[in-house]
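Worksheet: the structure to be examined is printed underneath.
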Amino acid sequence: MSENNGQQYDLDFGEEIDLQPKRATAKIGGRKHVVKEANGGIAKQYKNACMRGTKMDDGKIVGMEGLADAEYLLVSLCTFSVDTLGNGELLERPVPQKIVESWPNHISSKLYTWIKEHSHLHEAENEEQLTREIEKLQERLVKLRKHGPFPSGPRESITAGSDSPTDSASPSTS
């Protein structure tokens, strides 16, 4: 719930919010791995890495470099190898980025796609789409500066779509 100038806005997510990350299992190189959706900190690291790779001049994208590094970073931060200890307890260990980079691309790209989808980290796929998104954001910024953080008018209800976490959406790699 958020308040602005005496008006109240309710956020309706359509379901009770579960803070446990969505998980999937994958067998890679004969070993069990767990892939998890990105948490806020990981999403921030990934987005910052993408932004560092985007070169802009006068509000226009003029180049992109190093974006593949951001993909491997995201996969390494969300992928864990699973070992069973002597007492039967499972131990999840993060997979270092250099290891992810050594895997065949069809493996890492499948993991990357799953993580982005389940973490809601969709960005524009090409320059045209990204330019359109920038224009929309600039329009929103103009409105925000003119009208404040919330539109004046009747109470609004925002409903976010729901994705139920299931292992059936797990990447099937071998």
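What follows is calculated from the coordinates using simple rules that are stated; it is not laboratory data. This structure is a prediction, so every number in the text was calculated from the model and none was measured. Don't worry about glycine lacking a Cβ; one is built from the backbone with ideal geometry, like all the others, and counts go over all protein chains shown.
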Taking amide H atoms as placed 1.01 Å from N in the peptide plane, list the residues 5 or more away in sequence, or in a different chain, whose amide H sits under 5 Å from that of K32. V82
Take the alpha carbon gyration tensor of segment 5-149, find the square roots of its eigenvalues, order them as a ≥ b ≥ c, and report rounded if a/c is under 1.5; if not, report prolate when a/b exceeds b/c, else oblate. oblate
Which ³J(HN,Hα) values in Hz, rounded to whole numbers, follow from the phi angles of segment 38-47 under the Karplus curve 6.51 cos²θ - 1.76 cosθ + 1.60, where θ = phi - 60° and Gly and Pro get x? 6, 8, x, x, 5, 4, 5, 4, 5, 5
By the C-alpha gyration tensor axes a ≥ b ≥ c (rounded if a/c is under 1.5, else prolate when a/b exceeds b/c, else oblate), the shape of segment 29-92 is prolate
Per-residue ³J(HN,Hα) for segment 92-100, Karplus 6.51 cos²θ - 1.76 cosθ + 1.60, θ = phi - 60°, Hz, x for Gly and Pro: 9, 10, x, 8, x, 4, 4, 5, 4
Built amide H within the under 5 Å cut-off of W103, gap 5+: none
Could you order the peptides 54-62, 103-111 from most to least packed, using the average number of other C-beta atoms within 10 Å per residue? 103-111, 54-62
Farthest towards the positive end of the dipole of segment 1-82, among I17, G30, V82 and with Cβ unit charges of +1 on Lys and Arg and -1 on Asp and Glu, lies the Cα of G30
Of L137, G63, S108, farthest towards positive along the dipole that unit charges on Lys, Arg, Asp, Glu beta carbons give segment 55-137: S108
Return the sequence-ordered ³J(HN,Hα) values of segment 11-26 in whole Hz as given by the Karplus equation 6.51 cos²θ - 1.76 cosθ + 1.60 applied to θ = phi - 60°, using x for Gly and Pro. 9, 10, 8, x, 6, 5, 7, 9, 7, 6, x, 5, 9, 9, 10, 8
